[in-house]
Amino acid sequence: MDKETLMLTVAVLGGTGKEGKGLAYRWAKAGYKVLIGSRSSEKAVTAAGEIMELLDGTGSVVGMNNLEAAQQANIVVLTVPYAAHRDTLESVKEAVKGKLFIDVTVPLVPPKVSKVQMPPAGSAAQEAKEILGEGVEVVAAFQNISHEHLLGEGDVECDVLVTGSSKDARHEALKLVEAAGLVGWDAGPIENSVVVEGLTSVLIYINKQYGSTHSGIQVTGVSKK
Ligand SMILES: NC(=O)c1ccc[n+]([C@@H]2O[C@H](COP(=O)([O-])OP(=O)(O)OC[C@H]3O[C@@H](n4cnc5c(N)ncnc54)[C@H](OP(=O)(O)O)[C@@H]3O)[C@@H](O)[C@H]2O)c1
């Protein structure tokens, strides 16, 4: 692990859930200091303990409430259902100023989760940018990665399309994609997150049609330098 990674602390807000816990596990395994955020610090401590067990006690995963996690981290990742998106963002707005913010939220509207239904801002990530304001770089990533892959060790047959408010922010987020053992692509400005978030509903539809739980996408026709 390089010195830069050693110094980085990643908060996963809603990290007690399916997607957040899987990402937290992978980052802790890669050497990041990980903070699990929750509405309940007790629930966060339990989730952090479960991840530490999976890691045989080798990583650093600590549980606390969402605000404390956001305050203590360099990078803040949001993994909550869309219904909790705005309230969670409002609750950590001051704590994330000057930090990299990675939004994993898909704006699903139950019960029709296999139909693309984007919010007025365009996408969840654009809505996050509106709420968090200037001074926060917002990146959208991991929306197409099923949590079912994340606690396993095998190769994940789904790439991560990374969109965001600046090239530097996307570059930083791509390091976390790689640390999670996934293949990531700089997929352009935050406006492009509309397509990536919407693609999740398409994948959910395909899962239902063809009896899968983890369909994915891969970029072809281009190789990494
Ligand atoms: N699951 C997947 O495979 C997957 C894949 C790609 C993207 N995503 C996206 O990632 C996000 C999280 O998905 P998930 O499956 O991990 O969700 P989840 O397990 O249902 O929920 C994640 C966490 O969000 C918090 N939460 C739940 N309801 C809330 C509410 N009403 N208000 C405030 N906080 C609430 C809970 O944390 P506390 O109770 O600890 O606060 C919960 O543990 C979603 O936007 C989803 O679309 C999921």
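When we screen 106, 96 for residues that are modelled with pLDDT of 95 or more, open to solvent by 10 Å² or more (accessible area, probe 1.4 Å) and among the aliphatic types (A, V, I, L, M), the only hit is 106.
State whether one or more residues within the stretch 159-173 are under 17 Å from residue 22 (Cα atoms) and outside any strand (DSSP E or B). Taking every residue of the stretch 159-173 in turn, at least one turns out to be under 17 Å from residue 22 (Cα atoms) and outside any strand (DSSP E or B).
Screening the stretch 1-64 for helices (runs of 4 or more DSSP H) wholly inside it with 1 or more residues that are more than 18 Å from the chain's Cα centre (by Cα) returns the ranges 3-6, 41-54.
For the stretch 119-136, residues that are part of a loop (DSSP other than H, G, I, E, B) and buried (at least 19 other Cβ atoms within 10 Å of the Cβ) total 2. With respect to residue 112, is the statement that it is open to solvent by 60 Å² or more (accessible area, probe 1.4 Å), near the ligand (Cβ under 9 Å from one of its atoms) and of a type outside the set (Phe, Trp, Tyr) true? No.
Among the residues in the stretch 10-19, are any touching a strand residue (DSSP E or B) at 6+ places or on another chain (Cβ under 6 Å), away from the ligand (no atom under 11 Å from the Cβ) and at pLDDT 95 or above? So far as the stretch 10-19 goes, yes, one or more of its residues are touching a strand residue (DSSP E or B) at 6+ places or on another chain (Cβ under 6 Å), away from the ligand (no atom under 11 Å from the Cβ) and at pLDDT 95 or above.
The values are calculated or read from the model by the stated rules, or taken from the named source; none is laboratory data. Remember, predicted model here, so these are calculated numbers, not experimental data. Using ideal geometry, Cβ is built from the backbone for each residue, glycine included, and neighbour counts are taken over all protein chains shown. Side chains are part of the model used for accessible areas, which takes the heavy atoms of the whole protein and leaves out ligands, DNA and RNA. Shrake-Rupley method; radii C 1.70, N 1.55, O 1.52, S 1.80 Å.
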